[in-house]
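Everything on this sheet refers to the single structure shown next.
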Ligand code: PGA
């Protein structure tokens with residue numbers, strides 16, 4: 001069974017003080033209200049990972065995650081943060097290949113394969129993002145592109161390594177636009193991704209991997225999206241910046 005996961009992607013938002021308040025509120029609400037074994041991950045700006053990790057304490061349900069890491073081990077890469085550094089402060093998760101990184105920072109499949117490798121080498125769990133832009137969806141190329149993104153950056157892994165990866169399907173046209181994929185569109189693509197993994201690694205491996213949906217998830221649409229058989233949770237941007245709404249989303253699994 002894949003793990004049920006709701007991850008918040010705070011992107012480049014909040015001051016330290018605001019971040020501390022948000023994390024404290026989410027922690028209290030999630031502890032009180034989220035039942036079952038849903039994992040909650042707060043992907044904060046790197047600068048806030050440690051203070052927020054301290055706020056969360058030794059919680060077995062809520063964890064911090066980074067939003068990116070370098071493909072390099074260490075060295076003269078000004079401004080970068082390595083997987084080893086994240087591990088050294090016990091950050092367990094890292095988002096890789098978010099569409100904003102692909103679009104604004106030129107990240108491609110080959111680079112992301114390196115980032116996935118180095119994250120796994122340091123025992124971080126990558127939350128690997130894939131998803132098509134609007135023009136590709138409109139020309140009906142979405143399944144081909146997403147399968148290619150997954151294969152390019154993940155299919156060099158052996159099965160045990162792949163099983164450590166969380167996949168997030170985030171159609172670019174639904175990110176930050178208020179335009180969510182319908183539950184049917186999400187389910188269809190998640191099923192395509194799972195089948196693609198099954199064709200290479202077998203059904204058991206495919207069935208064990210968490211595939212999250214991302215793109216304008218909110219407290220009004222989460223329930224329907226998470227009810228889809230192949231949707232194992234969500235990667236939430238804008239709505240993760242509000243503690244009440246994010247908690248309601250985490251409760252919707
Ligand atoms: P959104 O962002 O929920 O604001 O659409 C999702 C994401 O970018 O991960």
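Readers should treat all values here as calculations from the given coordinates under stated rules, not as data from a laboratory. Worth saying up front: this structure is predicted, and the values here are computed from it rather than measured. Every residue, glycine among them, receives a Cβ derived from its backbone with ideal geometry; neighbour counts consider all protein chains shown.
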- Message: Using alpha carbons only, how many angstrom separate the centre of the range 50-77 from the centre of the range 139-156?
- Response: 28 Å
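Which of rounded, prolate or oblate describes the range 1-83 when judged by the alpha-carbon gyration tensor and an a/c cut-off of 1.5? Intermediate results must be reported in sequence, preceding the final value.
Values: a/c = 2.55, a/b = 1.54, b/c = 1.65.
Cα axes put the range 1-83 in the oblate bin.
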- Message: Can you report the principal axis dimensions of the range 25-130 using only the alpha carbons, biggest first, rounded to whole angstrom?
- Response: 42, 27, 23
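Give me 86, 56 ranked fewest to most by other Cβ atoms within 10 Å of their Cβ, as a rough exposure proxy.
Numbers: 86 25, 56 20.
Ranking 86, 56 by Cβ neighbours within 10 Å, fewest first, gives 56, 86.
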- Item | Relative contact order (percent, whole number), the chain, Cα cutoff 8 Å, 6+ residue spacing | 23 percent
- When 156, 122, 190 are ranked with the fewest other C-beta atoms within 10 Å first, the list becomes 156, 122, 190
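Can you classify the chain as rounded, prolate or oblate using the Cα gyration tensor, where a ≥ b ≥ c are the square roots of its eigenvalues, rounded means a/c under 1.5, and otherwise it's prolate if a/b beats b/c and oblate if not?
Working: a/c = 1.44, a/b = 1.12, b/c = 1.29.
Rounded, since a/c falls under 1.5.
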- Query: Arranged by the count of other C-beta atoms within 10 angstrom, fewest first, what order do 48, 128, 155 take?
  - Reply: 155, 48, 128
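Express as a percent, rounded to the nearest 5, the fraction of DSSP beta bridges in the chain (both residues included) that run antiparallel.
Taking every DSSP beta bridge within the chain, about 0 percent pair in antiparallel fashion.
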- In nm, give the distance between the simple-model label positions of residue 24 and residue 139, each being 7 Å from the Cα along the Cα-to-Cβ direction. 5.2 nm
